[in-house]
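The values are calculated or read from the model by the stated rules, or taken from the named source; none is laboratory data. Predicted, not measured: the structure shown is a model, and the values here were computed from it. Backbone-built Cβ (ideal geometry, glycine too); neighbour counts: all protein chains shown. Side chains included, ligands, DNA and RNA excluded: accessible areas come from the protein's heavy atoms. Shrake-Rupley method; radii C 1.70, N 1.55, O 1.52, S 1.80 Å.
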Amino acid sequence: MKHSRLNLILDSGALQLPDDGDIAVYGAGAEDDLSALPKERCEVIQGFKPDYDALIARGFKVSVAATGPYAASVVKLARSKVQTRMMLAEAVAKTPGGLIIVDGMKTDGADGFYKECRKRVEVSQAFSKAHGKLFWFTAKPAFDDWADKGPIKLPSGFQTVPGVFSAEKIDRGSQALVDALPAKLPKRLADLGAGWGFLSRHILMREKVRELHLVEADFNALECARVNVTDERAHFHWADATRFTPERPFDGIISNPPFHTSRKADPEIGRAFIHAAAGMLTPSGQMWLVANRHLPYERTLAGTFRFVDEIAGDNSFKILRATKPLRGKRLRD
């Protein structure tokens, strides 16, 4: 598990948790060390399905939205500055007069948030360790301007929220994939990693599509997709695409797979999407996906499909089509 600044500061006695009352933990992931917290009093606020499932398996109460009130709240910094501000404002509102602990990596803006919080409330000395920072303060109504201001309305008519992928503009890769898709698509389709529904809305404009399943691990993104894609042919699944099992195989799968869960690119995520897609398709099924030009997915596709070709692309992106998933042989990268 990740090195825990929270454990160290609590063990030192410099910080003490309240003796009773519930404790919220905003944004903790599957690998975060929460052993210093009393599990029976914790509620983890987490909407990313793989982390949600892993934390449930560890015995934590996990919710996609905070309930409260809480005696204390731990806020783990998110990659999105706006999202972190919203979490912190909510934590303060849900923990009136209670303890607020902020913990995060410097790469996620820990230094900046420490300085900003010091301008608003009396804050502890920062505890720095393992390229991150932890600090705490007593909740006071000094963060109202950071509160959730509602959905983001894009000029294209789509609705998103802070923190979801490509929240403020249409992703260039997704647009390139839409432009490259054929006019006629198979009848029963899935959009793996559907996000807030950009690809899915366009897929449903194609001829002959009778059924489309949106599979998305980010709860907030999927809720946006429900608003953006209102077609009765759409079916929504809050699920890890790499573990999703459909009731029956799909004729086609379309995907703009993620290639990182942190700031570092990780091609293994895309490879996992490809392997999962191959297992969800009919013997004659097809997959279309977009990837950054540098990501090495061709070898994985060649090991999982009979035919693979690049149907479009530019210096930044490539659109790949794979047909006829291989059966009965070990899949290799």
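Tabulated values for the structure
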| quantity | calculated |
| --- | --- |
| Residue tally, condition in contact with a helix residue (DSSP H, G or I) (Cβ under 9 Å, 6 or more places away or on another chain) and assigned to a strand (DSSP E or B), over segment 41-56 | 3 |
| Hits in segment 8-39 (condition: under 26 Å from the mean Cα position of the chain (by Cα), over 20 Å from Thr138 (Cβ atoms) and outside any loop (DSSP other than H, G, I, E, B)) | Lys39 |
| The listed residue being in contact (Cβ under 8 Å) with a residue 12 or more places away in the chain, outside any strand (DSSP E or B), in contact with an Asp or Glu (Cβ under 8 Å, 6 or more places away or on another chain) and more than 22 Å from Asp22 (Cα to Cα), out of Arg120, Arg79 | Arg79 |
| Close pairs (9 angstrom Cβ cut-off, 6 or more residues apart or separate chains): outside any helix (DSSP H, G or I) in segment 220-237, of a type in the set (Ser, Thr, Tyr) and open to solvent by less than 60 Å² (accessible area, probe 1.4 Å) anywhere | Val229/Ser200; Asp231/Ser200; Ala234/Ser200 |
| Residue in segment 8-20 that is closer than 24 Å to Ser166 by Cα and either among the hydroxyl-bearing types (Ser, Thr, Tyr) or at pLDDT 95 or above (or both) present | no |
| Among (1) in a loop (DSSP other than H, G, I, E, B); (2) modelled with pLDDT of 95 or more; (3) crowded, with 17+ Cβ neighbours inside 10 Å; (4) under 18 Å from the mean Cα position of the chain (by Cα) - the single one Ala65 does not satisfy | (3) |
| Enumeration of residues in segment 84-107 that are out of contact with any strand residue (DSSP E or B) (no Cβ under 8 Å at 6 or more places or on another chain) and assigned to a helix (DSSP H, G or I) | Arg85, Met86, Ala89, Ala93, Thr107 |
| Exclusive hit being β-branched (Val, Ile, Thr), buried (at least 16 other Cβ atoms within 10 Å of the Cβ) and touching a Phe, Trp or Tyr at 6+ places or on another chain (Cβ under 7 Å), set Val161, Val75 | Val75 |
| Pair list, Cβ < 6 Å and 6+ apart or interchain, from segment 140-151 residues that are in a helix (DSSP H, G or I) to residues that are surrounded by 11 or more Cβ atoms within 10 Å (Cβ to Cβ) and not small (Gly, Ala, Ser) | Trp146/Arg85 |
| Where a residue in segment 181-203 is free of Cβ contacts under 8 Å to residues at least 24 places away in the same chain and its partner, wherever it lies, is surrounded by fewer than 24 Cβ atoms within 10 Å (Cβ to Cβ), with Cβ under 6 Å and at least six apart | none |
| Phe250 vs. criteria among the aromatic types (Phe, Trp, Tyr), in contact with a Ser or Thr (Cβ under 8 Å, 6 or more places away or on another chain), closer than 25 Å to Lys324 by Cα and at pLDDT 95 or above | yes |
| Yes/no for Val178 being of a type in the set (Val, Ile, Thr) and under 25 Å from Gly27 (Cα atoms) | no |
| Single match in Arg188, Arg172 (criterion: touching a Gly at 6+ places or on another chain (Cβ under 8 Å), surrounded by fewer than 23 Cβ atoms within 10 Å (Cβ to Cβ) and not acidic (Asp, Glu)) | Arg188 |
| Considering residues of segment 5-31 that are free of Cβ contacts under 8 Å to residues at least 60 places away in the same chain and surrounded by 21 or more Cβ atoms within 10 Å (Cβ to Cβ) only, the residue nearest to Phe219 (Cα to Cα) | Ala28 |
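Residues are listed down the side, and each one gets a yes or a no for (1) of a type in the set (Phe, Trp, Tyr); (2) outside any loop (DSSP other than H, G, I, E, B); (3) buried (at least 20 other Cβ atoms within 10 Å of the Cβ):
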{"residue": "Ala241", "(1), (2), (3)": "no, no, yes"}
{"residue": "Pro257", "(1), (2), (3)": "no, no, yes"}
{"residue": "Ala272", "(1), (2), (3)": "no, yes, no"}
{"residue": "Pro296", "(1), (2), (3)": "no, no, no"}
{"residue": "Glu310", "(1), (2), (3)": "no, yes, no"}
